[in-house]
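Novice: Sharing a structure with you now.
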Amino acid sequence: MYHPSISFKKKKKKRKLQILSLIAPPPDQHPGVVDQAQCKYGRVYVYDDLPPIFNKKLLENCIIDSRKSQCEALSDGGFGPEATTALAGIVPPELARAWYRTHMFASELIFHNRILNYKCRTMEPESAKAFYIPFYAGLAASNILFSGYTAKERDAPFYTFLEWIKNQHYWKRSNGSDHFLAVGRTSWDLKRVRDDQAWGTSFLLMPLMRKMFSFTIERSLGDPMEVTVPYPTGFHPRTVTEIKQWQEFVRGRKRTNLFTFVGGKRGYIKNDFRALLLDHCYNESDSCKAIDFAKTACLDSSSAVLEIFLSSDFCLQPRGDSHTRRSTFDCMQAAFGGRTGNLKDAFDIAVEEMLRRIVSNKPSLKGPSS
């Protein structure tokens with residue numbers, strides 16, 4: 001149904017917008033000896049003796065959102081399947097190889113694989129300033145979020161984890177204040193306040209967790225124990241050259257649509273704004289294109305999404321299931337060029353911020369500046 005208060009007009013003039021790209025390639029080898037100046041806040045020790053039930057067994061279950069088994073989505077260290085074939089004719093071959101069908105909840109796997117090669121990782125726990133625990137809390141939660149489990153059942157895997165970690169030597173030394181996790185879901189999924197709530201676990205609110213830091217998607221405002229990271233996209237370049245080539249490709253791309261909206265209607269929500277946007281895009285098809293996830297499976301449409309974003313000047317991004325949407329970050333990859341030069345790795349920035357908070361022991365309410 002057409003709504004007279006919203007209209008889409010033809011574009012008149014293209015405008016260039018530059019942003020600083022913070023993407024950088026992961027190293028290909030185990031970290032060697034680095035200058036101490038490169039490890040300003042000290043070194044990180046990775047728990048490599050974690051019982052398999054806290055990570056490896058969760059991967060074997062292949063459950064990332066509990067709707068169906070998705071082993072492919074958890075493959076290749078969290079990157080997922082390569083998208084090279086699907087992007088043929090959309091993206092140049094030399095750039096398509098940097099794209100994968102990465103799941104929106106795969107960041108804890110990606111983080112784990114990246115930190116194993118982190119330049120300031122140490123194999124000697126006595127020399128560490130911080131301790132990373134590769135517990136896949138997001139995957140553990142995914143097994144129980146969508147079904148009719150009791151609050152006790154939803155919390156059980158996390159009590160099991162805390163029972164193990166609290167007996168570890170380096171945890172007991174600091175009561176966990178120099179330990180941290182990377183969680184692949186929003187903090188709201190792991191901060192159930194009341195037991196009568198039908199959704200979520202209370203993991204991040206459990207007493208033993210209140211001294212430990214965590215990376216989360218969309219941290220709770222005012223919680224100094226969380227550091228925000230964005231949803232992962234499917235773009236995983238291995239070299240700075242690939243980053244610059246992608247920026248040049250995006251800047252030179254011919255845009256044929258003014259607006260694009262990618263999403264699905266929420267019939268159970270009164271006056272659903274997503275439905276409104278979809279209807280308007282269909283009614284203004286000369287200037288707005290849409291992908292309706294009620295007709296096209298969200299998890300299987302990464303190439304179609306990238307193609308439509310690359311052909312549009314603007315992406316319409318209403319609030320999703322949480323405050324932001326994975327689509328927001330996909331759009332940013334397709335819409336913006338970046339400045340070239342010496343690009344500092346976003347992964348390094350995030351870990352340095354975590355180390356800074358741990359070392360200072362005075363958590364800031366602000367995340368790393370962009």
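Novice: Taking the number of other C-beta atoms within 10 Å as the exposure measure, put TRP164, TRP246 in order starting with the fewest. Provide the component values of the computation, followed by the final result.
Specialist: Numbers: TRP164 16, TRP246 24.
The fewest-first ordering by Cβ neighbours comes to TRP164, TRP246.
Novice: Also: Among THR241, THR216, THR260, THR233, what is the fewest-to-most ranking by other Cβ atoms within 10 Å?
Specialist: By the 10 Å Cβ count, ascending: THR241, THR233, THR260, THR216.
Novice: Here's a follow-up. Can you tell me the FRET efficiency between ASN61 and ASP286 if r is taken as the Cβ-Cβ distance and R0 is 56 Å, rounded to the nearest 0.05? Please report the intermediate quantities before stating the final value.
Specialist: On the way: r = 47 Å, r/R0 = 0.84.
Efficiency at R0 = 56 Å is approximately 0.75.
Novice: Charges at C-beta only: +1 for Lys and Arg, -1 for Asp and Glu. How large is the resulting dipole of the range 56-188 about its Cα centre, in Debye rounded to 20?
Specialist: 220 debye
Novice: Below 8 Å, C-alpha to C-alpha, sequence gap of six or more: please give me the relative contact order for the range 239-338 in percent.
Specialist: 36 percent
Novice: In this model, which of LYS56/LYS129; LYS191/LYS289; LYS56/LYS270; LYS244/LYS289 are farther than 30 Å apart at the alpha-carbon?
Specialist: Working: LYS56/LYS129 26 Å; LYS191/LYS289 37 Å; LYS56/LYS270 42 Å; LYS244/LYS289 28 Å.
With Cα atoms farther than 30 Å apart: LYS191/LYS289; LYS56/LYS270.
Novice: Another question, then. Give me the dipole magnitude in Debye, nearest 20, for the range 178-323 about the Cα centre, with unit charges on the beta carbon: positive for Lys and Arg, negative for Asp and Glu.
Specialist: For the range 178-323, the charge dipole is close to 120 debye.
Novice: Let me ask something additional. What's the magnitude of the charge dipole for the range 239-338 around its Cα centre, counting Lys and Arg as +1 and Asp and Glu as -1 at the beta-carbon? Answer in Debye, nearest 20.
Specialist: Computed about the Cα centre, the dipole is about 180 debye.
Novice: Separate question: Sequence neighbours fewer than 8 away in the same chain don't count; with that in mind, list the aspartates and glutamates whose C-alpha is under 19 Å from LYS57.
Specialist: LYS57 reaches ASP48, ASP49, ASP65, GLU72, ASP76, GLU108, GLU153, ASP155, GLU163.
Novice: I want to check the label-to-label distance for ASN271 and SER360. Put each point 7 Å from Cα in the C-beta direction and report it in nm to one decimal.
Specialist: Here the modelled spin labels are 4.3 nm apart.
Novice: What's the exposure ranking of ASP65, ASP49, going from fewest to most Cβ atoms within 10 Å?
Specialist: ASP49, ASP65
Every read-out reported here was derived from the displayed coordinates using simple, explicitly stated rules and does not represent laboratory data. All values reported here derive from a predicted model rather than from experimental measurement. Cβ sites come from the backbone with ideal geometry, for glycine too, and all protein chains shown count toward neighbours.
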